[in-house]
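Below is one structure; the comments refer to it alone.
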């Protein structure tokens with residue numbers, strides 16, 4: 001490919017540009033460079049070198065200045081949005097943005113938590129690492145139920161790409177033969193503890209159509225592709241020098257760099273894709289250098305937007321021209337609409353009596369997974385379409401169980417030397433329906449510190465999600481009761497859209513250019529050399545953690561793009 | 001859910017993948033200065049010594065160090081100086097003052113002058129007082145909360161705003177006990193001598209007999 005003449009000649013000219021270096025951008029960079037394309041990877045945040053920049057990795061509990069919680073004042077001043085999401089803590093807060101530099105606005109009756117990691121590697125440094133395939137239960141859902149538009153692909157289109165990506169990334173998990181949660185190319189699974197093993201048995205005995213498996217996670221249970229196995233420290237989001245969980249640092253970017261074809265440029269805020277009206281193609285991108293505030297232009301034959309669903313959408317909305325007054329590749333008007341996330345924060349927990357003589361060794365940064373059992377295999381719910389899966393696990397209470405009671409003294413101290421009772425915790429992650437009314441737009445007034453219009457969110461939950469969240473709590477409680485749990489406590493806590501950090505859907509795929517932004521290969525209907533392969537492409541959400549799907553779609557899109565380029569079809 | 005419920009939920013979950021940051025997320029913590037010539041920043045030297053002794057009454061030395069041996073009073077001074085807002089700090093310090101008054105009333109001596117048995121009796125009185133006193137939830141304007149530090153927050157109008165800061169004014173015993181326990185069990189002696197901590201476990205075994213594992217994992 002690199003031998004073919006480029007129409008864009010010059011010092012800032014490449015065969016391909018990838019915008020973003022997270023989960024999707026890392027894979028785009030690897031695939032493009034391994035196919036011989038000179039590729040520029042633009043990342044808006046600072047550089048993060050593997051291992052070198054994992055500055056808190058070696059901290060012991062007593063080394064943490066605030067013992068696990070970031071300075072409350074600093075959080076309130078600089079990370080008042082980021083700190084509201086579960087994963088942010090003292091030892092990883094430097095991998096999340098400063099909210100004062102990156103504001104956004106809310107429409108009436110809307111809320112959204114936008115959790116971002118502006119650095120090389122993006123949120124692949126801090127992600128939850130859970131990897132589940134979508135199936136035709138998901139790809140056919142919209143068409144089957146008459147919700148919005150049909151996906152332009154089916155499971156068979158993506159299955160080989162799941163294989164390809166799972167083998168590359170390294171996913172530990174257990175094959176279960178569940179048609180709607182297809183098995184993958186798994187490394188050996190992590191172990192369940194005794195309570196989890198019995199809980200699985202109880203579910204299978206007491207409930208048709210339900211089972212439980214160990215979490216399928218992008219964490220290595222053996223050395224793989226030059227990376228080390230998990231050491232069970234449960235410090236993942238600080239960065240892992242063993243390379244035991246997948247990140248762009250130890251995956252896509254590493255392998256792209258090895259080809260010699262990648263130029264990685266951190267601190268490069270892409271704010272516009274340049275559209276060439278004469279050719280009907282994208283010519284390149286405009287960039288503000290975050291450090292020098294210099295404005296730059298880079299050109300390429302093909303452009304991959306992998307800036308996260310909302311990041312890519314913001315760039316397209318901001319790329320206006322006579323041909324595309326409402327944002328590039330937006331002749332359909334779908335751009336920015338159909339925001340989805342995975343509503344969660346509903347479930348149940350209970351004390352699990354017994355097993356007093358059993359404990360565990362090591363901190364497994366993985367839990368269990370209960371695959372969707374609602375509206376599948378004959379189950380039919382009146383209150384909601386689609387379904388949810390549970391994540392969770394069993395553990396024994398530690399010393400903190402002594403807080404909040406009246407005991408003190410020698411006996412009290414001695415009592416905490418032994419672990420407390422076992423408990424089991426189930427947390428639902430549900431599918432959110434695509435709705436036109438859930439959308440982002442450029443705010444007409446508010447700009448960020450670089451003078452760029454910020455996003456304005458119009459997002460809320462519908463009854464479908466509210467009813468589903470109640471069922472997450474009820475069904476979890478039911479399973480805990482059946483397994484002999486004590487003090488079973490269902491909960492439905494406040495949740496804001498975005499809090500699942502699975503935002504998606506704002507440049508959806510579809511067969512009809514009048515209703516969708518992207519075609520079946522993540523290629524913009526309107527602009528043939530423009531691809532969007534992050535979460536923006538999702539036509540529906542599934543309830544599965546989405547990153548492995550983005551990776552598979554990215555690799556598939558690159559394969560298609562390069563084939564088209566080689567055939568002169570782009 | 002009130003804070004006591006939140007704490008008990010967290011206690012139940014302790015030991016899971018959620019444990020450490022979740023607990024600390026609610027409770028907070030701070031680096032304990034270990035300089036030999038340490039001087040408190042907010043406490044008086046007398047209050048620091050009184051808190052050291054009270055903490056040691058909650059977690060006394062046995063065959064392992066107690067809370068009075070690992071600098072819990074230094075941790076408490078850091079928390080009230082850099083983490084608490086004014087309302088929390090005043091509330092906590094007035095609790096220290098009342099404990100001292102109770103010591104004088106009951107035993108005719110300062111907290112520092114009491115025997116360990118007398119301190120245990122005093123602690124039992126603090127427990128009973130705490131049981132009788134409900135916690136107060138106070139909403140604090142963020143700017144006001146941090147005014148003492150300068151740099152009031154300016155957030156662009158119309159953008160997603162910081163949440164309202166809510167603080168809970170716990171009865172003295174509960175807050176003291178919480179600070180004592182966090183300070184102790186996240187200290188090196190508390191984590192590694194009283195309990196056990198391995199930075200790099202290297203393996204996961206989900207079902208190991210407790211007698212082989214030994215004590216509670218600190219994290």
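Tabulated values for the structure
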item	result
Partner chain coverage, peptide A:413-422 - average Cβ within 10 angstrom	5
Between helix A:194-206 and chain A: long-axis angle, C-alpha atoms, 0 to 90°, nearest 10	90 degrees
Additional length obtainable on full extension of the chain from residue A:512 to residue A:175, 0.36 nm per residue less Cα span	117.7 nm
Sorted by Cβ neighbour density within 10 Å, fewest at the top, the residues B:75, A:412	A:412, B:75
Over the range B:72-219 - Rg/Rh using Cα atoms and the Kirkwood inverse-distance radius	1.09
Nearest 10 degrees, 0 to 90: helix A:23-34 Cα axis against chain A principal axis	50 degrees
Share, in percent, of DSSP beta bridges within the protein assembly as shown that are antiparallel, nearest 5	70 percent
Number of partner chain Cβ atoms within 10 Å, mean per residue of A:346-359	2
Projected-area average for the protein assembly as shown over all orientations - Cα convex hull basis, square nanometres	32.9 nm²
Ordering of A:178-188, B:38-48, A:206-216, A:164-174 by burial proxy (mean other Cβ atoms within 10 Å per residue, highest first)	A:164-174, A:206-216, A:178-188, B:38-48
Fully extended contour minus Cα-Cα distance, from residue A:55 to residue A:320, at 0.36 nm per residue	91.3 nm
Nearest 10 degrees, 0 to 90: helix A:463-482 Cα axis against chain A principal axis	30 degrees
Shielding by partners - mean other protein chain Cβ count within 10 Å, residues of A:50-63	3
Sorted by Cβ neighbour density within 10 Å, fewest at the top, the residues B:194, A:57, A:418	A:418, A:57, B:194
Kirkwood Rh, Cα atoms: Rg over Rh of the range A:211-369	1.11
In nm, spacing of pseudo-spin labels at residue B:104 and residue B:139 (7 Å Cα→C-beta vector)	3.9 nm
Compactness of the range A:43-108, expressed as Rg and Dmax over alpha-carbon positions, Å	13.6, 45
Burial order of peptide ranges A:47-54, A:225-232 (average beta-carbon count within 10 Å, highest first)	A:225-232, A:47-54
Pairwise centroid distance, computed over Cα atoms, of the range B:103-119 with the range A:457-534, Å	60 Å
Cα→Cβ-extended label distance, 7 Å offset, between residue A:494 and residue A:474, nm	2.5 nm
Global form of the range B:85-131, assessed from the alpha-carbon gyration tensor, a/c cut-off 1.5	prolate
Residue-span extension gain [residue B:62 to residue B:213] - 0.36 nm each, minus C-alpha spacing	52.2 nm
Least to most buried among A:301, A:341, A:559, A:109 (fewest other Cβ within 10 Å first)	A:109, A:559, A:301, A:341
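Bear in mind that the values in this text are calculations on the coordinates, not laboratory data. In this text the structure is predicted, and so the values were computed from the model without any measurement. So basically every Cβ, Gly included, is an ideal-geometry build from the backbone, and we count neighbours across all protein chains shown.
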